[in-house]
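Here is the structure we will look at.
The values are calculated or read from the model by the stated rules, or taken from the named source; none is laboratory data. Computed from a predicted model, the values in this text were never measured in an experiment. Methodologically, a virtual Cβ is constructed for each residue, glycine included, from the backbone with ideal geometry; neighbour enumeration extends over all protein chains shown.
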Amino acid sequence: MSLQLAIPDSILRAIRLPEQRIEKELLCELAVSLYAQDLLSLGKARELAQLSKYAFGQLLAQRGIQRHYGAEELADDLAYARR
């Protein structure tokens, strides 16, 4: 499944960013918002933002958004460390 959002031209023109950065920035904003509301996992949010785990973590820190870290994330981190 794929979803396309239609954003009116008047809104796109009002965004104070160079045209080539708008899509990337909107994806980051959406990813951060969905993660902050616990609607998307860290991995899926960073995938949506098209950022590395580190870069997305930095972005969350800049915004003052705490990482959601539970048993599943701990298990993933431990499995990664054991490799």
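Figures for the structure shown
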quantity: Subset of segment 7-62 that is loosely packed, with under 14 Cβ neighbours inside 10 Å and small (Gly, Ala, Ser) - its residue that is farthest from GLU73 (Cα to Cα); calculated: SER10
quantity: Helices (runs of 4 or more DSSP H) contained in the chain and holding at least 1 residues modelled with pLDDT of 95 or more and in contact with a helix residue (DSSP H, G or I) (Cβ under 8 Å, 6 or more places away or on another chain); calculated: 19-36, 42-49, 53-63
quantity: Enumeration of residues in segment 38-80 that are over 17 Å from GLU23 (Cα atoms) and of a type in the set (D, E, K, R); calculated: ASP38, LYS44, LYS53, ARG63, ARG67, GLU72, GLU73, ASP76, ASP77
